[in-house]
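What follows is a set of notes on a single structure, which appears directly below.
No value in this document is a laboratory result; all are computed from the given coordinates. Everything numeric in this text was worked out from a predicted model, so none of it was measured. Neighbour counts run over all protein chains shown; Cβ positions are idealised from the backbone, glycine included.
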Amino acid sequence: MGNVTPDESELLSCCASRRWAAAVAAGRPYGGFEELWAAAKAELDALEWADVEEALAAHPRIGERAGGTGREAAWSRSEQSGVDEGARAAFAEGNRRYEERFGHVFLICATGLGAAEMLAALEERLGNAPEEERAIVREELGKIVRLRLARLRERG
């Protein structure tokens with residue numbers, strides 16, 4: 001694979017932190033996906049919490065269907081395909097408790113997970129200390145960003 005040169009708008013569909021997207025775009029071109037991912041990960045790790053919160057604000061709650069026709073909304077709907085109608089009420093209550101405790105949406109890389117696994121993770125993470133939860137959120141955001149960057153690479 002040759003140079004990888006996603007523009008800022010494409011990067012924002014992977015992570016809605018404007019600071020992150022600008023920093024990653026400024027490093028172009030990248031020699032391949034792994035070089036892009038290394039830069040993207042370094043910039044994610046360097047984000048202030050306010051920048052992470054900006055990214056979180058673009059993520060729909062688990063169990064809620066993302067609206068809109070953009071790339072990010074479509075990816076979110078695909079990523080949450082493991083959430084069935086029967087689990088939506090449990091997610092609504094869990095999301096309410098989580099947001100009350102931590103002040104932001106519950107973020108989990110939902111790709112490949114079923115509703116029961118995500119609900120179990122939500123319940124378990126409700127017991128975390130705020131600092132511990134922030135570290136987990138950053139890890140989950142990184143997983144999502146990596147998957148979305150890979151999807152960008154696959155575009156024709």
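Overview of results
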| read-out | value |
| --- | --- |
| Shape call, the stretch 104-156: gyration tensor on alpha carbons, a/c limit 1.5 | oblate |
| Under-5 Å amide H pairs with Val4, H placed in peptide plane, nonlocal only | Tyr30, Gly31, Gly32 |
| Whole-Hz couplings from phi, Karplus 6.51/-1.76/1.60, listed for the stretch 123-133; x for Gly and Pro | 4, 5, 6, 4, x, 6, 6, x, 5, 5, 5 |
| Mean Cβ neighbour count within 10 Å, used as a protection proxy, ranking 108-114, 57-63, 125-131 highest first | 57-63, 108-114, 125-131 |
